[in-house]
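A short worksheet on the structure shown next.
Please treat every number below as a calculation from the coordinates, not as lab data. Bear in mind the structure is a predicted one, so any value in this text is a computation, not a measurement. Backbone-built Cβ (ideal geometry, glycine too); neighbour counts: all protein chains shown.
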Amino acid sequence: MLAYIIWMFALVKFGGSVITDKSKFGEAREDIIARLCSEISFLKKGVIVHGGGSFGHIKAVKYGFKNGCENRVYFSEIHGDMIKLNEIILDNLLSNNIPAVSIPPHTFYPFGDLKAFRYYIQEGFIPVTYGDVFWKDGKGWIISGDDLMLMISRELRPDIAIFVSDVDGIYEDLERKKILDVITPEMVSSLKIHDVGDATGGLRKKLEVMFQIAKMGIKTYIVGGFLHNNLRKALKGEDFIGTEVRV
Ligand code: IP8
């Protein structure tokens, strides 16, 4: 197991609802960010993606980025807010001696490839990217962290993809709070999914992305981010609270 952990290439997404309080604009959960960063400090090879949370979604919804927004100043505003959140993540990774390097989406999306990721991984760094705004056809749009997880999985083929979430997994039964150990596409229609109205779609869209990643043969998990050491355990192949996504 130890040897596997050392060479394992992990792709981890810190969900926006875990790292920020989504109801308060610009409110980062610094204690949780610090803990999550410390839990991945043993990783030798990885890419970190983070969501927008209250730094991205509140204004993205307000300014109508879901259907494209022509206002360049609004675009710059959200882009600047996301840089602030990214800086908090970078500071915390660095505090844990993680050689993080930020590769913001506007440097490669929608016109480029993931060459920069390959290069920095090869050189021993941990690239960090995030859900953000991007400009196309005269309008600003949102590229979500989940879309980036899929893109990175396709091009870089990690061994494991972990979505750190504000829920502890996929609930089979919301009332009894029973979490599924495994979810497959066939099971989705029988689940009661309450999708939230953020700028990039809720759980249903997230699951679609996860199934596509799992289809590539990548171990794919949704794990609770509010539980101490849960992410570390999932990465190390120990017992953790969460749901495996399988096809
Ligand atoms: O939180 C959305 O990324 P997500 C980013 O991963 C913005 O969906 C700017 C709303």
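In a simple Cβ point-charge model (Lys, Arg +1; Asp, Glu -1; nothing else charged), region 50-156 has a dipole of about 220 debye relative to its Cα centre. Measuring max minus min along each principal axis, the C-alpha atoms of region 10-245 give extents of 45, 41, 33 Å (largest first). As a length-normalised measure over Cα pairs under 8 Å and 6 or more apart, the relative contact order of region 10-245 settles at 23 percent. Among 93, 11, 203, whose mean-square fluctuation peaks in a Gaussian network model of the chain (Cα, cutoff 10 Å)? Maximum fluctuation in the GNM of the chain, among the listed residues, is at 203.
For the peptides 226-239, 52-65, 147-160, the ranking by packing is 52-65, 147-160, 226-239, with the highest mean count of neighbouring Cβ atoms within 10 Å listed first.
List the pair-distance distribution P(r) of region 1-139, using every Cα-Cα distance, as the percent of pairs falling in each 10 Å bin from 0 up to the bin containing the longest distance, rounded to whole percents. Pair shares across the bins are 12, 40, 33, 14, 2, 0. Remark: region 10-245 carries a charge dipole of roughly 280 debye about the Cα centre, counting +1 on each Lys and Arg Cβ and -1 on each Asp and Glu Cβ.
Select from 104, 127, 185 the residue whose mean-square fluctuation is largest in a Gaussian network model of the chain (Cα-Cα springs shorter than 10 Å). Checking each option, the largest mean-square fluctuation is seen for 185. Derived value for region 121-247: Kirkwood hydrodynamic radius 15.8 Å. Basis is the mean of 1/r over every pair of different alpha-carbon atoms.
DSSP assigns beta bridges within region 10-245; of those with both partners inside it, close to 35 percent run antiparallel.
Along its principal axes, region 115-169 has C-alpha extents of 37, 34, 17 angstrom, given from the largest down.
Helices that extend 27 Å or more along their long axis by alpha-carbon positions and average at least 0.0 on the Kyte-Doolittle scale are, among the DSSP H runs of the chain, 72-95. Hull volume per residue, based on the alpha-carbon atoms of region 10-80 and their convex hull, is 99 Å³. Legend: distances between Cα atoms for 84/115; 45/205; 115/139; 177/205; 139/192; 62/178; pairs beyond 32 Å are 139/192; 62/178. Our helix-only sum for the chain, with -39,500 (n - 2.57) per DSSP H run of n ≥ 4 divided by its residues, gives a mean residue ellipticity at 222 nm of -11500 deg cm²/dmol.
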